Structure formats: C-alpha cells, structure tokens
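Single-structure report; data block below.
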Amino acid sequence: MGGQSVPTTARAAERPPLVMRCGAFGDIVLLTVLLRQLHLRFGKPVDVISSGPWTQPLLEAESAVGRLFIIRSRRTPYWLSMQQRRLVAWLRERGAGPTWFCDRGEGRVLLSLAGIPADYICDTNEYTWDPGDTFADRYLHLGSCSPRAFEGLLPPAKPGVPRAARLNVSPAARRELDAWLAERGLTGRQIIMVHPGSRHIARRWLRSRVGTSKYWPEEHWSRVVRAVRDRCPEHVILFSGTRAESRFNADIIRRAGVREALNIADHLSVRVLLALLERAHSMIAVDTGPAHAAAALGCPTVALFGTASPALYRPGGAMTPAIALTGTVGGEQSILGIEPQTVVDSWQELMRTSGRRF
C-alpha cells in the first residue's frame, strides 16, 4: 500500500463514530436520539454526513455533534458532483471507523468509495424492528449495536438516553428571536403556533389541495382556530410555514375571522423558528418537521397524521409532550377522518397534562 501501514481494526475502533442521515427536517430532529446515544457511549462527539439547509441550524447547538458535512444531492452522478467527491476525500482523510448508516441506497456507494468496509457499518436497513417501536426506539437500539468488524472492541451502550428527541437552542438564536418579536410588537406575548401546511400542499401550485395525504380542510382548521381563540383570548396565534404554504395559511385565517392570527410563513429562519417553538405556549400542526421540533423543544404539540404511522412517527419520539392523531375514511387511515372537535379536545387535554395555563 505505497509504504503506508494499514490501520488495524483496533486502531479504527478508536475513531469518533460516524453517522450518515440525509433526511427531511423531521428526520434530522429524530436523529438526535441516535447522536446522543453514540455520544454517551463513545464519550466523544459524533461526525455527521447529512443534507438540507435545515440540518446546520438544527444541530449547531448540539454537543453530541462533531464535524458536520452537508451534501446537496446523493442522486447526481458521482463524477458530476464536486461536493460528493469532496465528501469522499474528507472521509478518506478522516479514516474508516465505526459507522452508522441511516439512509437508503446511494449513500452506501459514497461510503464504499471512501474506503469504509461494509463490516465497519451498522446499516438500519439490515435490522428487523419491533412494530411497536417509535423511531426514537429504533435509534436507541441502533446506537447500542456494533458493526461486525468491531464486536468486542467498542464500549457498550449506556443507559440514560431518553426515548425522545431533544433540540438545543443557542443564545444567539434566542437573541435573534427577541429582535424579531420586538420588530412586530410581540415582546412578552404568549404565542400559540399553528402549522397547517406541508410540502405536499406546497407542491400543488394552482391545482386543488384536495387529495394530498396531509391536506386537512381549511374550514376544519378555522373551527380549531376559533376554539383556540375562545379558550385563549389574549394569546397571539402565529401561522408558520414556507412561502409556498403562505396562501393556505391566509385562506384559513380569513375563514377563521379571529383577531391576532398572523401569517408568518417564510418570515423567519430555521434558527429563529426553533427559538420561537421553544418559547411557544403550544402548537397544533400536521405531521411535519416543525411539529417534531416543537415536541423536541418541550412545546406541547398536537399533530395530525395522514397515511404515516402516528405510533412510529410520533413527534419527537415516545416521551415528548405530544399527541398524534389520525382517522379513517372508508376503512383506511386518513387525516380527513379527524374531527375538529377531536383536535380541540386533544389540545385542551395536553394543556392540562403539561401544566400549561390557558
């Protein structure tokens, strides 16, 4: 090998753990369970390969994270992607060590090109999971496993990691939130967050929203908002979302006809959104990334699910202040089977159990 000694498996076992997860906003929130498990187990921060503009602000205040490498696309052919080639070069320089792969398909090719042997990798796709597990439970189990090459060489998993995601908010993000609230005259106000949209709705453009798996009718949302306003007359209701979801928010607010219901879609960064969710009184949302983030930040959250499993994808895992709702239509799971009063009742029950005042 060109005069260079090949690192032994024992030496490779001493390297910091590496995790690859290129996922959506909520996926990265849930990933914090695995990162904390590995951090506690190895006593050193975890290097992470991920994607998406949300990943940096989600993990920037996380002490369990060491080096973070963000790639834009895994599907671009390797020789056309400078970023993928840089990742492979970075991994080769870093050296192969214990690796946890939490994606599908393309990412394993990049790990292989970087010289990470298959038996150095714990691949989530190679395990059989208990159907009663939440994703937090799966990550706890995965973090306790060892790649085949390192059996007997790695420290054992340690107890104490909760079955729930948790996010940290930096002091700088809290200061940015303070400025954001002051600009809008909201300093010191109690805030209830509503997030009714999703990328499924955003992609509809001028087509009807009806038929998407996470579409819950505007009139249903407006009934919930009116009930929340009646119960909390002094709170500000903020509607979050992306720019593409702004029109959906505006339609709901118009139908609800209540005061101090503000559409802030695309008006704040992910960093400020996290600080806002940390401070919010409560949140009502569809099953989407911000719902997972809110629950992980301790904000009581009611989430409405479409076709995804509310047990597996419960916001933030098994031990967060959250309620996951779904319904049935024609014998099949559907968000359209959820009644507005069920959402209101669940929100009020969550307020009582979490000790939040109306």
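For the range 113-133, give me each residue that is assigned to a loop (DSSP other than H, G, I, E, B) and surrounded by 14 or more Cβ atoms within 10 Å (Cβ to Cβ).
114, 116, 117, 133
Quick check, is residue 73 without any contact (Cβ under 8 Å) to a residue 60 or more places away in the chain, in a helix (DSSP H, G or I), among the small types (Gly, Ala, Ser) and over 22 Å from residue 32 (Cβ atoms)?
Taking the combined requirement at face value, the residue does not satisfy it.
Out of the residues in the range 82-112 that are part of a loop (DSSP other than H, G, I, E, B) and out of contact with any strand residue (DSSP E or B) (no Cβ under 8 Å at 6 or more places or on another chain), state the one that is nearest to residue 41 (Cα to Cα).
Among residues in the range 82-112 that are part of a loop (DSSP other than H, G, I, E, B) and out of contact with any strand residue (DSSP E or B) (no Cβ under 8 Å at 6 or more places or on another chain), the one nearest to residue 41 (Cα to Cα) is 96.
So that you can scan it fast, the table gives a plain yes or no per residue for (1) surrounded by 15 or more Cβ atoms within 10 Å (Cβ to Cβ); (2) outside the structural domain of residue 28 (by TED's automatic domain parsing):
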| site | (1), (2) |
| --- | --- |
| 135 | yes, no |
| 144 | yes, no |
| 183 | no, yes |
| 187 | no, yes |
| 190 | yes, yes |
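Tell me which of these residue 20 doesn't satisfy, since it passes every other one: (1) in contact (Cβ under 8 Å) with a residue 12 or more places away in the chain; (2) surrounded by fewer than 22 Cβ atoms within 10 Å (Cβ to Cβ).
That leaves (2) as the condition not met.
With respect to residue 297, determine if the residue is modelled with pLDDT of 95 or more and touching a strand residue (DSSP E or B) at 6+ places or on another chain (Cβ under 9 Å).
Taking the combined requirement at face value, the residue does not satisfy it.
Looking only at the range 162-173, which residues are out of contact with any strand residue (DSSP E or B) (no Cβ under 8 Å at 6 or more places or on another chain) and surrounded by 17 or more Cβ atoms within 10 Å (Cβ to Cβ)? Spell out the reasoning first.
Initially, the range 162-173 is screened for residues out of contact with any strand residue (DSSP E or B) (no Cβ under 8 Å at 6 or more places or on another chain), giving 166-173.
Passing the criteria: 166, 167, 168, 169, 173.
Which number in (1) outside any helix (DSSP H, G or I); (2) within 20 Å of residue 342 (Cβ to Cβ) marks the one condition that residue 295 misses?
Exception for residue 295: condition (1).
Could you look through the range 213-247, keep only residues that are touching an Asp or Glu at 6+ places or on another chain (Cβ under 7 Å) and of a type in the set (Val, Ile, Thr), and pick out the one that is farthest from residue 291 (Cα to Cα)?
Only one residue fits best here, namely 236.
What single numbered condition from (1) in contact with a strand residue (DSSP E or B) (Cβ under 7 Å, 6 or more places away or on another chain); (2) part of a helix (DSSP H, G or I) fails to hold for residue 58?
Residue 58 satisfies every listed condition except (1).
Does the range 268-280 include one or more residues that are at pLDDT 95 or above, in a loop (DSSP other than H, G, I, E, B) and crowded, with 20+ Cβ neighbours inside 10 Å?
The answer is yes; a qualifying residue exists.
When you look at residue 68, is it part of a helix (DSSP H, G or I) and either modelled with pLDDT of 95 or more or buried (at least 16 other Cβ atoms within 10 Å of the Cβ) (or both), yes or no?
Spelling it out, it is not the case that residue 68 is part of a helix (DSSP H, G or I) and either modelled with pLDDT of 95 or more or buried (at least 16 other Cβ atoms within 10 Å of the Cβ) (or both).
Would you mention how many residues in the range 74-103 are hydrophobic (A, V, I, L, M, F, W, C), more than 15 Å from residue 50 (Cβ to Cβ) and surrounded by 15 or more Cβ atoms within 10 Å (Cβ to Cβ)?
Within the range 74-103, residues that are hydrophobic (A, V, I, L, M, F, W, C), more than 15 Å from residue 50 (Cβ to Cβ) and surrounded by 15 or more Cβ atoms within 10 Å (Cβ to Cβ) number 2.
Test residue 357 against the stated conditions and say whether it is basic (Lys, Arg) and buried (at least 17 other Cβ atoms within 10 Å of the Cβ).
No.
Looking only at the range 139-178, count how many residues are of a type outside the set (Asp, Glu), outside any helix (DSSP H, G or I) and either touching a Gly at 6+ places or on another chain (Cβ under 7 Å) or within 29 Å of residue 11 (Cβ to Cβ) (or both).
16
Could you check, for the range 333-347, whether at least one of its residues is over 30 Å from residue 182 (Cβ atoms) and of a type in the set (Phe, Trp, Tyr)?
no
List the number of the failed condition for residue 47; all other conditions in (1) acidic (Asp, Glu); (2) surrounded by 21 or more Cβ atoms within 10 Å (Cβ to Cβ); (3) not in a strand (DSSP E or B) hold.
All conditions pass for residue 47, except number (3).
Which residue pairs have Cβ atoms closer than 7 Å, lie 6 or more positions apart in sequence or on different chains, and pair a first residue in the range 335-357 that is outside the structural domain of residue 323 (by TED's automatic domain parsing) with a second residue that is assigned to a helix (DSSP H, G or I) and modelled with pLDDT of 95 or more?
none
Take the conditions touching a Pro at 6+ places or on another chain (Cβ under 8 Å), surrounded by 14 or more Cβ atoms within 10 Å (Cβ to Cβ), in a helix (DSSP H, G or I) and modelled with pLDDT of 95 or more and apply them to residue 30. Does it pass?
For residue 30, the condition - touching a Pro at 6+ places or on another chain (Cβ under 8 Å), surrounded by 14 or more Cβ atoms within 10 Å (Cβ to Cβ), in a helix (DSSP H, G or I) and modelled with pLDDT of 95 or more - is not met.
The values are calculated or read from the model by the stated rules, or taken from the named source; none is laboratory data. Everything numeric here is computed off the predicted structure, so don't read it as measured data. Cβ coordinates were reconstructed from backbone atoms using ideal geometry, including for glycine residues, and neighbour counts include every protein chain displayed.
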